[in-house]
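Structure first, commentary second.
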Amino acid sequence: IDDRRRRALNEFVTANAKLGKGTGRYAARWEQQIRAALDRAKDAVPVWIMPIHKVIASFRPTSVPPFDVIIIDEASQVSLLNLPILVLARQAIVVGDEKQTSPENVGLDQSVTHELMDQHLLPIVDRATRFDVNNSLYDLARQQFPQVVRLREHFRCLPRIIEFSSNQWYDGEIVPLRDRPPKQGWKPLASVFVENGARRPNDDVNEQEAEAVCALIETMIDDEDYAEMDFGVVTLQGKGQARHLQDLLLDRLGPTIMEERKLRVGEPAGFQGDERDVIILSMVVANDSERRIGAMTKETDERRINVAASRARNQMWIVHSVMPNDLNAQDPRRKLLEHCLSEADEERRARQEEKTDSQFERDVLRMIQGAGYTEVTTQYEVGRYRIDIVIEGPEQRVAVECDGDTWHGPDRWDHDRYRQSVLERAGWTFVRVRGSAFYHDRQRALQPLWERLDELDIPRGDWTGSATEHKIRRVWPHDFADQSDRKSALSSGLTDYPIDDRSDDVIEIEPRHDGGVPPPCDTSFESAPPLRLSDKASANDQIEPVVAVEDAPRPLEATGLPSAHHDDNSGYERRFTSNTTASVGSNSVAPKTEQTTTTPEEELIQWVIDLGSDFWFQLSHWAKQTDNLRGWQRAIAYTVGRYLANGKTPSQKQASQCQIMHSQAVGLGFDPAG
């Protein structure tokens, strides 16, 4: 980049910073400055990526278009008001989908627009159809250039998820190329039936469904199988349910968790172009003696359902208060519900040899099985493609193609190579075996395959994968008793659940009703700092020294443990005022005069770090295998392990929970050295 272009780019950046939100007194002046800078710097960057409103505000049409090519993505959501964007380039590529949501001008008096079209667009015969106010830029392009190139390859959803949209709206032509689930035994479709679900009078809010959605999300957040996955909730009717769910989830989970999990709630139109690992659909509709269930069979309804059903990468849940027979036979909601309730055929066919195409494939298959590989599938389907043999391991897999002139012929060579290139883009690893080389020396011909399997850590014999079972169908509230118990415990204060008021970074651990609390224990590994119980001390109360227990694992008496409270609003930070040693049951305390500047919170976090990621992974695994601790506690242990493995520092809340889990786990028999 020469100095002229570099100066123009710097000017563009500075003017953008000055413009801010574009509402200031001199906004028009800075917008003019931005356009001038971009005009001089436009060829300094090979590709500019901007939202449409920014493009229109930044560039002006000229006699010579400023760009060679303009690509408009999600054009089915772009209204005709943005039509001038097309004059900014010599060529335009318009990418969209007429089967998904487009502009809807509900309540607009179209007679005015028709009069304006008759006045200004009289030479255009089909002006009423072409420039209908509900048309999108993609609709206009499709009318003008009817030879549309359909992009059939699909990389977002697992096959079972996208299968519904493919069959319903695209004649089954979508080719899903991402067929590797996140875990073995994973089920991409699931449902929750809400008993006695009902819409509020004169409202599109189904409170029972909203409660079920919240409970389901809480369950998944507590489940380590969903660690680091993000979530979305799409409501299929009205606007009120989305607002109600947003408020409910914010109250239940707090903004931190919602941000960490990228949890988003909205209607289908708001999710177009977006995606999440897990999508939960709330149908909202319910049987009501005072309101009939209307059929959603209009084209706009079909578009919304299509968008909603194609946002999930790994798993799609549908939360429903009605059954399929309650809906109109032509209603896409009925067909979607039927699709989600159907059992997925996930069992492998027992006899793989019967599916092979040739004797060559059978011979290669026998060699692979004879070498001890058990997870082997023949004629493996990936969308519209088939792979001769697939060998799978816990994390990786290999596609084996058997090339033999006798069975494939030279005319198939180009087709097979094209198919391989497509699948390699989807993450597949290929090994090709030539028939002539195989029958000359079988072991030598398969040596590259054995080497590749070793490189990818695909083991021989049986291997243990994740055997987590996800229920295909659940019923609210029967299958969510744990969440109900947890809410009850939180409100009663009679258990050792964490009370999280979400107003600051402190979790107050309330004593149980019997006054006891699981003690810290000194085992063969480093023990936790002592638990600190709070009696809701105020900022004016005297801060007592912390007791360090030397004689463990005998239980501490709750009444003998000093109280301490950190109030963020008190204007000061509590620090250790003394290091104190005491014997359990002794009234004598010998304080030291030496002072430190380490806060209890910092000490606690450092203790969690010092134990290391493997410790917390092991604790989470032990708790799950032995059915100890709560699901959400196991999830916290797993998350902290991931944080430490990635060099991140756990939060104070997480450290506090780790301290409690450590004490409880040791008391229940957990031993990382065992």
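The values are calculated or read from the model by the stated rules, or taken from the named source; none is laboratory data. What you see is a predicted model, and the numbers here were worked out from it, not measured in a lab. We place every Cβ from the backbone using ideal geometry, glycine too, and count neighbours over all the protein chains shown.
From the list Ile93, Ile124, which one is part of a loop (DSSP other than H, G, I, E, B) and of a type in the set (Val, Ile, Thr)? Show your work before the answer.
Working: Ile93 fails: part of a loop (DSSP other than H, G, I, E, B).
Answer to the selection: Ile124.
Okay, residues lined up against (1) over 30 Å from Tyr380 (Cα atoms); (2) at pLDDT below 85:
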| position | (1), (2) |
| --- | --- |
| Ile124 | yes, no |
| Arg130 | yes, yes |
| Ser136 | yes, no |
| Asp139 | yes, no |
| Gln143 | yes, no |
| Pro146 | yes, yes |
| Arg156 | no, no |
| Phe164 | no, no |
Worksheet item: Among the residues of region 40-59, which ones are surrounded by fewer than 15 Cβ atoms within 10 Å (Cβ to Cβ) and more than 34 Å from the chain's Cα centre (by Cα)?
Response: Asp43
Worksheet item: Can you tell me which residues in region 369-386 are of a type in the set (A, V, I, L, M) and either without any contact (Cβ under 8 Å) to a residue 60 or more places away in the chain or part of a loop (DSSP other than H, G, I, E, B) (or both)?
Response: Ala371, Val376
Discussion item. Any residue at all in region 167-174 that's surrounded by fewer than 16 Cβ atoms within 10 Å (Cβ to Cβ), in contact (Cβ under 8 Å) with a residue 24 or more places away in the chain and out of contact with any Gly (no Cβ under 7 Å at 6 or more places or on another chain)?
Written reply: no
Worksheet item: Which number in (1) surrounded by fewer than 16 Cβ atoms within 10 Å (Cβ to Cβ); (2) farther than 28 Å from Ser102 by Cβ; (3) of a type in the set (A, V, I, L, M, F, W, C) marks the one condition that Val87 misses?
Response: (2)
Response to the item:
With criteria (1) surrounded by 13 or more Cβ atoms within 10 Å (Cβ to Cβ); (2) not in a helix (DSSP H, G or I), His114 comes up short on (2)
Worksheet item: Tally time: how many residues in region 178-209 are surrounded by 21 or more Cβ atoms within 10 Å (Cβ to Cβ), part of a loop (DSSP other than H, G, I, E, B) and within 22 Å of the chain's Cα centre (by Cα)?
Response: 1
Worksheet item: If you scan region 60-81, which residues turn out to be surrounded by fewer than 16 Cβ atoms within 10 Å (Cβ to Cβ) and among the small types (Gly, Ala, Ser)?
Response: Ser63
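Let's see how each residue does on (1) modelled with pLDDT of 85 or more; (2) more than 21 Å from Ala673 (Cα to Cα):
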| site | (1), (2) |
| --- | --- |
| Lys592 | no, yes |
| Thr599 | yes, yes |
| Asp610 | yes, no |
| Phe615 | yes, no |
| Trp622 | yes, no |
| Gln625 | no, no |
| Leu644 | yes, no |
| Gly647 | no, yes |
| Ala655 | yes, yes |
Item to complete: Please state which one of Arg156, Arg142 is part of a loop (DSSP other than H, G, I, E, B) and surrounded by fewer than 19 Cβ atoms within 10 Å (Cβ to Cβ).
Response: Arg156
Worksheet item: In region 367-381, which residue that is modelled with pLDDT under 85 and of a type outside the set (Asp, Glu) is farthest from Tyr439 (Cα to Cα)?
Response: Thr374
Discussion item. Take the residues in region 399-408 that are touching a helix residue (DSSP H, G or I) at 6+ places or on another chain (Cβ under 6 Å) and buried (at least 17 other Cβ atoms within 10 Å of the Cβ); name whichever of them is nearest to Asp179 (Cα to Cα).
Written reply: Cys402
Response to the item:
Scanning region 220-249 for residues that are in a helix (DSSP H, G or I) and within 20 Å of Ala635 (Cβ to Cβ) gives Met220, Ile221, Asp222, Glu224, Asp225, Tyr226, Leu249
Worksheet item: Only one residue in Leu86, Leu81 is under 30 Å from Trp169 (Cβ atoms), over 34 Å from the mean Cα position of the chain (by Cα) and outside the structural domain of Tyr170 (by TED's automatic domain parsing). Which one?
Response: Leu86
Discussion item. Being closer than 16 Å to Ala227 by Cα, touching a residue at least 24 places away in the same chain (Cβ under 8 Å) and among the aliphatic types (A, V, I, L, M) is the filter here; which residues of region 243-270 pass it?
Written reply: Leu253, Ile257, Leu263
Item to complete: Return yes or no: is Gly674 modelled with pLDDT of 50 or more and either acidic (Asp, Glu) or on the phi < 0 side of the Ramachandran plot (or both)?
Response: yes
Practice prompt. Quick one: in region 615-666, of everything that is aromatic (Phe, Trp, Tyr) and farther than 16 Å from Ile257 by Cα, which residue is surrounded by the most Cβ atoms within 10 Å (Cβ to Cβ)?
Written response: Trp616
